[in-house]
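Reviewing the structure listed below.
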Amino acid sequence: MVRRPVAWVVAVVLLAEALVIGALNWFLGVVVDRQQMSLAGLDPDVMSKSSKIGGVAFGLYFALCALVALLVAIRNRAPAGLGRVALISVAVVHGLLGAFTLSLVGWPSFVFMIVMLGLLVLLLVSYDREDGPEQAAASGGDPETGGDPKAEGEPAGAPGAVGESHSRTDEPQDGDEEPQDSAPAQITQPVPTTL
């Protein structure tokens, strides 16, 4: 199964991104504060504090998404609810950051963001919601060992659904006939569209 390793990789990389983004924004806030820099007349203290707050907020956001990916890897189940929303939103963030880094930073950063976007999308779509442990237990199959839960739902050699009666002849039974229209079908000639 490729699902668990992808979830582990996504969790580790998102945690590393959380630390790097938080540390980078904190460092920029310290630099702005010590240099007393101002941008378009803004107060340096406001810029410094907003950079630090933004770094902490984005770091916690990426750490939360890393926690969701870690839980997906441990439980081996699809993310649900707010966890799924968090992973979708971080995938969108990576797509946007990829577009910005291509023009501002360069190709290596763009490739990293797009690879991470691909891993997040793979994580989101690789888990089949209908093929969970509840359905496998109900139908007798085990997806971990390669059993097919759908194979045990009907007896071998049965052409239709369970409990459906089949005649030994090919004669139509009640309800097998095609529906009949009360009015005969009329055939109309197509109208030419060109002159």
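The values are calculated or read from the model by the stated rules, or taken from the named source; none is laboratory data. All values derive from a computational prediction rather than experimental measurement. Note: ideal-geometry Cβ built from the backbone for every residue, glycine included; neighbour counts use all protein chains shown. The area values use the complete protein model at the heavy-atom level, side chains included, leaving out ligands, DNA and RNA. Shrake-Rupley method; radii C 1.70, N 1.55, O 1.52, S 1.80 Å.
Some points to look at:
- Condition check for residue 63: under 28 Å from the mean Cα position of the chain (by Cα) and free of Cβ contacts under 8 Å to residues at least 60 places away in the same chain: yes
- Filtering region 48-56 for residues that are in contact with an Asp or Glu (Cβ under 7 Å, 6 or more places away or on another chain) and over 30 Å from residue 78 (Cα atoms) leaves a non-empty set.
- Conditions (1) modelled with pLDDT of 90 or more; (2) open to solvent by 30 Å² or more (accessible area, probe 1.4 Å); (3) under 16 Å from residue 10 (Cα atoms); number of the one not met by residue 125: (1)
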